[in-house]
1. Hey, could you check the stretch 158-173 for residues that are open to solvent by 60 Å² or more (accessible area, probe 1.4 Å) and in a loop (DSSP other than H, G, I, E, B) and say which is farthest from residue 216 (Cα to Cα)?
2. Answer yes or no as to whether residue 180 is surrounded by 22 or more Cβ atoms within 10 Å (Cβ to Cβ) and assigned to a helix (DSSP H, G or I).
3. Of everything in the stretch 45-91 that's hydroxyl-bearing (Ser, Thr, Tyr) and open to solvent by 30 Å² or more (accessible area, probe 1.4 Å), which residue is farthest from residue 225 (Cα to Cα)?
4. Of the residues that sit in the stretch 223-280 and are in contact (Cβ under 8 Å) with a residue 12 or more places away in the chain and of a type in the set (Lys, Arg), which one is nearest to residue 30 (Cα to Cα)?
5. Name the residues in the stretch 244-278 that are of a type outside the set (Asp, Glu), under 21 Å from residue 314 (Cβ atoms), out of contact with any Asp or Glu (no Cβ under 8 Å at 6 or more places or on another chain) and open to solvent by less than 80 Å² (accessible area, probe 1.4 Å), would you?
6. Considering only the stretch 174-191, how many residues are farther than 15 Å from residue 217 by Cα and touching a Gly at 6+ places or on another chain (Cβ under 9 Å)?
7. Taking the stretch 141-157 as the search range and keeping residues that are over 17 Å from residue 181 (Cα atoms) and at pLDDT 95 or above, which one is surrounded by the fewest Cβ atoms within 10 Å (Cβ to Cβ)?
8. Being in a loop (DSSP other than H, G, I, E, B) and open to solvent by 60 Å² or more (accessible area, probe 1.4 Å) is the filter here, so list the residues in the stretch 190-240 that pass it.
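The values are calculated or read from the model by the stated rules, or taken from the named source; none is laboratory data. Predicted, not measured: the structure shown is a model, and the values here were computed from it. Glycine also receives a Cβ, built like all others from the backbone with ideal geometry; neighbour counts cover every protein chain displayed. Accessible surface is based on the protein model in full, side chains and every heavy atom, while ligands, DNA and RNA are left aside. Shrake-Rupley method; radii C 1.70, N 1.55, O 1.52, S 1.80 Å.
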Amino acid sequence: MKALVLALLPALALAAPPPARRISSLVVPMDPAAETGSVQMEGYMNAALGHFDGFSVRKPEELFGMPEDTAAKASLDRGRKGYSESVAAFDKKEYEEAERKVRAALKELESSAGAMRGCSPLCESLALYSALLHLRGDVEEAKLALMDLIALNPTFELDPKRFSRDFLALRVQVATGRTSQLRGGATVKSRPAGARVYVDGEMVGYTPVTLPALPIGKHLVRLERPGFRQHGLLLEVTPDDVESSTDLVPTAAYKAYDAQLDRVAGEVIRGGSKSSGVTAMGQSLGLERAMVGTVKTLENGSELHLGYYDIKSGKKLGGRRVVLQGDEFGQLKQEMERMVNQLVNTSGEKVSRSSDPLDNRGGTEDWSAEDRGGRTKAAEKKKDVDDPLDAVSGTEDW
């Protein structure tokens, strides 16, 4: 039996699929206005590369890191502890002590937005603080705290076992009042641009982003950009438009990458058959293949130079130059996917797709002149076609 196993080992080794190649997409913005689009393009191209079984996609956050805000996390831990202590005092009817502790907790939580992934324990602390204000007769201040709570989470439920009926009624009054229906605009910016923006836990776009109709009150804002430390803030929205601008802090890995970009961008734009700068960069990132591009803002769109490279040899396996017309209708994702598939499928190397025959099929492939592999449908000739209208959609003359 042992001899049989030893005999089969070479055959099993030959039958095993080759290890997946480490690959990533990296787009260099050539001007500040192109920074947002470059991040989106990288994401769309990496998603398209993930459709191939022969690749192990390394996302930018894996290559450069995206560390959490340690100061915000420490503030969050202190805020949680302060809230727990204030609740314990409140339940014992030690209201002065409860208010003192919850005020301290709220101060800590205002600095912990970068570490929060929901409004807890900020929402709970606001609710408790408002109830304490209401108990001592400061109704207007209690309403303001409730406004902030409702802005953060309109569906937050108050515990009827802890809070009085009068306070629960006040919450309903504030939620249905005219003031709570007011909206304000907010613009969130970052340097560099292209950071993902989360407002109250939901992604709303990439910096710079303008949000025209947020409920007035406090909102949790978190910024994430690969290669930079996460950042958060508690944004106060008023009927007048407000603006927030943040300088993101780069990681050491991103600084090293950034120092190579001028050389890499020049090689991509020149489009030579080999690229020593791309090779050096790819090796420093531990890649075997790379989709490297440059994007430049034009008057009515942007220009993308894209190359597909073998990192070990520095050989350019394929390249494209296209002018993109923006993303008004969500077309950017489809454009990036089509380019990636065309470059990979026409490079001459063997890269397997998923074994599922329906994987990567949306059902609308025939609506476009180009399929996911980059082949032109109109150029494909069918054999033994009897129907003269076969493969004719009726829209060719359009």
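1. Top of the filtered list is 161.
2. Details: surrounded by 22 or more Cβ atoms within 10 Å (Cβ to Cβ): no; assigned to a helix (DSSP H, G or I): yes.
Considered against the rule, which asks whether it is surrounded by 22 or more Cβ atoms within 10 Å (Cβ to Cβ) and assigned to a helix (DSSP H, G or I), residue 180 comes out as no.
3. Applying the first criterion (hydroxyl-bearing (Ser, Thr, Tyr)) to the stretch 45-91 yields 56, 70, 75, 83-84, 86.
With the extra rule that they be open to solvent by 30 Å² or more (accessible area, probe 1.4 Å), the set shrinks to 56, 70, 83-84.
Numbers: 56: 21, 70: 16, 83: 31, 84: 33 Å.
Restricting to residues being hydroxyl-bearing (Ser, Thr, Tyr) and open to solvent by 30 Å² or more (accessible area, probe 1.4 Å), the top hit is 84.
4. Result: 263.
5. Restricting attention to the stretch 244-278, the residues satisfying the condition of being of a type outside the set (Asp, Glu) are 244-246, 248-257, 259-261, 263-266, 268-278.
Next, from what is left, pick out any that are under 21 Å from residue 314 (Cβ atoms): 256-257, 259-261, 263-266, 268-278.
Applying the additional criterion that residues be out of contact with any Asp or Glu (no Cβ under 8 Å at 6 or more places or on another chain) yields 256-257, 259-261, 263-266, 268-274.
Answer for the stretch 244-278, where residues must be of a type outside the set (Asp, Glu), under 21 Å from residue 314 (Cβ atoms), out of contact with any Asp or Glu (no Cβ under 8 Å at 6 or more places or on another chain) and open to solvent by less than 80 Å² (accessible area, probe 1.4 Å): 256, 257, 260, 261, 264, 265, 266, 268, 269, 271, 272.
6. 1
7. To start, the set of residues in the stretch 141-157 that are over 17 Å from residue 181 (Cα atoms) comprises 141-142, 157.
Narrowing further to those that are at pLDDT 95 or above: 141-142.
On the way: 141: 15, 142: 22.
Per the stated criteria, the residue is 141.
8. Taking the stretch 190-240 as the starting set, the residues that turn out to be in a loop (DSSP other than H, G, I, E, B) are 192-195, 200-201, 207-208, 216, 225-227, 229-230, 238-240.
Matches in the stretch 190-240: 208, 229, 239, 240.
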